Every structure is written in C-alpha cells, then in structure tokens.
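The values are calculated or read from the model by the stated rules, or taken from the named source; none is laboratory data. Keep in mind it's a predicted model, so treat the numbers as computed, not measured. Neighbour counts are summed over all protein chains in view; Cβ atoms, including those assigned to glycine, are modelled from backbone coordinates with ideal geometry.
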Amino acid sequence: MSRKEELESHESTMKISVEFLSVPVITKIIGSKTLSLDFPGQTVDDLIDEMIDKYGQKLRRFLLDDSGKLDSVFKILLNKKEWIRREQMSTPLKDGDHVTLMMLVAGG
C-alpha cells in the first residue's frame, strides 16, 4: 500500500489551518494567505504532501529542494509556539492545529 493510500484509508480526518507568511508565490498558487484542510494524515510532512497533492507540481517545485525535502528557506511554526525544523517533519499533528509556513528573507 502506498503512503497516499495508507493515509486515505484512515477513517477520520483532522481540521488543520495553515497560514502563509512572506510567501506570495504560495498565496498566488492557492489563492489565499490561509488554508483550512480536512487532513487525513498524521504529521507535518504528511501535511506538506497533502498540499502538494491538492495544489500541484508548481507548489512542489517551490516548496521542496532537489532531494524532495522542505527547502531550507522555509520555516514552520506549530500553534504559534513551536518551531519545526527540517529534521522534525515527522512531528505529529492533532485536530485543530495551526501551522504557519514562512519564508525567511535576508537583506540589509
């Protein structure tokens, strides 16, 4: 069974809200700065996969690096208090969680 089929076989879904900060490309792709998903997965990584499945390859190319991991320019904040690092993408989510995806911008 593929990972997607495994996720789809779960009977229950979670309601997850996603907010995009400083990422106008994503806002243009999905049409909004916020997103509410009925999400059948379990982890932050599953959430990224779900968004890519829903919004397509353009989002995939923007979010992921060449190895298929979340690009290092993006940071994730869970429930406005816990930073999720790239090596923590297996962090479990629960119903009602709020995920903020932001792009770090440097300048001077």
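Of all residues in the stretch 13-23, those that are outside any strand (DSSP E or B), in contact (Cβ under 8 Å) with a residue 40 or more places away in the chain and either more than 21 Å from Arg85 (Cβ to Cβ) or touching a helix residue (DSSP H, G or I) at 6+ places or on another chain (Cβ under 9 Å) (or both) total 1.
Just to be sure I understand, how many residues within the stretch 63-108 are farther than 28 Å from Ser12 by Cβ and acidic (Asp, Glu)? Residues in the stretch 63-108 being farther than 28 Å from Ser12 by Cβ and acidic (Asp, Glu): 3 in total. Scanning the stretch 54-108 for residues that are within 19 Å of Thr27 (Cβ to Cβ), of a type in the set (A, V, I, L, M) and more than 11 Å from the chain's Cα centre (by Cα) returns Val73, Met103, Leu104, Val105.
Of all residue pairs spaced 6 or more apart or on separate chains, those with beta-carbon atoms under 6 Å, a first member in the stretch 48-62 that is in contact (Cβ under 8 Å) with a residue 24 or more places away in the chain and farther than 19 Å from Pro92 by Cβ and a second member that is part of a helix (DSSP H, G or I) and of a type in the set (A, V, I, L, M, F, W, C) are Tyr55/Ile29; Tyr55/Ile30; Lys58/Ile29; Leu59/Ile29; Leu59/Ile52; Phe62/Val25.
When Leu59, Leu104, Leu78, Leu47 are screened for being touching an Asp or Glu at 6+ places or on another chain (Cβ under 8 Å) and not acidic (Asp, Glu), only Leu78 passes. Against the criterion of being modelled with pLDDT of 95 or more and touching a His at 6+ places or on another chain (Cβ under 7 Å), Ser17 qualifies.
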